[in-house]
Amino acid sequence: IADRLAKSDPGNAEWQRDLWVSYNKVGDVLKAQGNLPAALIAYQASFTTADRLVKSDPANAQWQQGLAVSYNKVGDVQGTQDNLPAALASYQAAVTSADRLAKSDPNNAVWQHDLAMSYAKLAGVYLKVGDSVKASEVLSAGQNIIARLVTQFPEKYQWKRDPVWFDQQIAALQN
């Protein structure tokens, strides 16, 4: 239904957004079922839709965030499939998109957290390809963001585990 609506009025941003969300949900289900090739197709369709939304309204932060999410979801599947060059490119693009969004509003804690988590995903691929220097750099960048967030927003209990995770990852690199 979302696909039909979006095709019937390509200029309707809300219908395009609904299509993007639908593709993500389909991809999530397919990924959970272990059907990675089909999940990747759904996530790539999600990315294409998010990219179209960003191009139609570059100032719309919701579209920017959707694009970063789409890059990460595509990268997740590519990484699981051991397509490390593609996963690396997807995660780098996610970091670029999330960084642009985070810089547009440094006080938006969600966007800052999203950037830190994108750094974590990127670090994982750098580790898999054997680039511990770059992994350390991006882990440190994510760790700095998380430390700032935990100090600024002590009520966000769900973020309190993030510094420990970053510390463990960095410590593992030093061993």
Notebook entry, point to check: Residue by residue through the stretch 49-57, which ³J(HN,Hα) values in whole Hz follow from phi under the Karplus form 6.51 cos²θ - 1.76 cosθ + 1.60 (θ = phi - 60°), with glycine and proline marked x?
Noted result: 5, 4, 4, 4, 5, 4, 5, 6, 8
Margin query: So with the 1.4 Å probe, I'd like the accessible area per residue for the chain, rounded to whole Å².
Written below: 53
Checklist line | Cα shape, the stretch 1-80, gyration tensor, a/c 1.5 rule | finding: oblate
Next item on the list: Starting from the Cα-Cα distance between Asn35 and Ala61, subtract it from 0.36 nm times their residue separation and give me the gain in nm to one decimal.
Entry: 6.2 nm
Check: How large is ³J(HN,Hα) for each residue in the stretch 77-82, as worked out from phi by the Karplus curve 6.51 cos²θ - 1.76 cosθ + 1.60 (θ = phi - 60°), to whole Hz, x for Gly and Pro?
Finding: 5, 4, x, 5, 7, 6
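So, by mean Cβ neighbours within 10 angstrom, what's the order for 58-65, 19-26 with the highest one leading? All intermediate terms of the calculation are to be shown ahead of the outcome.
Details: 58-65: 15.2, 19-26: 20.0.
Result, highest mean first: 19-26, 58-65.
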Checklist line | Taking the chain and dividing mean pair separation by its residue count, relative contact order in percent (alpha carbons under 8 Å, at least six apart) | finding: 13
Next item on the list: Please report how far the C-alpha centroid of the stretch 23-100 lies from that of the stretch 119-133, rounded to the nearest whole angstrom.
Entry: 18
Note to self: Using a Förster radius of 45 Å, what is the FRET efficiency between Gln81 and Ala147 based on their Cβ-Cβ separation? Nearest 0.05, please.
What the structure shows: 0.85
Margin query: Whole-Hz ³J(HN,Hα) for each residue in the stretch 109-123, computed from phi via Karplus 6.51 cos²θ - 1.76 cosθ + 1.60 with θ = phi - 60°, x for glycine and proline: what do you get?
Written below: 5, 5, 5, 5, 5, 4, 5, 4, 5, 5, 4, 4, 5, 4, 4
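Please state the shape class of the stretch 30-114: rounded when a/c is under 1.5, otherwise prolate if a/b exceeds b/c and oblate if not, all from the C-alpha gyration tensor. Write down the numbers at each step before the final one.
Working: a/c = 2.26, a/b = 1.70, b/c = 1.33.
In terms of gyration-tensor shape, prolate.
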Checklist line | Using alpha-carbon coordinates, inclination of helix 84-104 to the longest axis of the chain, degrees | finding: 90
Check: When the accessible area of the chain is computed with all protein chains present and a 1.4 Å probe, what percentage of it is carbon and sulfur?
Finding: 55
Note to self: From the protein chains alone at 1.4 Å, what is the descending order of accessible area for Leu5, Leu115, largest first?
What the structure shows: Leu5, Leu115
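The values are calculated or read from the model by the stated rules, or taken from the named source; none is laboratory data. Because the structure is predicted, anything quoted here is derived from the model rather than measured. Ideal geometry is used to build each Cβ from the backbone, glycine not excepted, and the neighbour counts take in all protein chains shown. Each accessible area value is taken on the protein alone, full model and side chains, heavy atoms only, with ligands, DNA and RNA left out. Shrake-Rupley method; radii C 1.70, N 1.55, O 1.52, S 1.80 Å.
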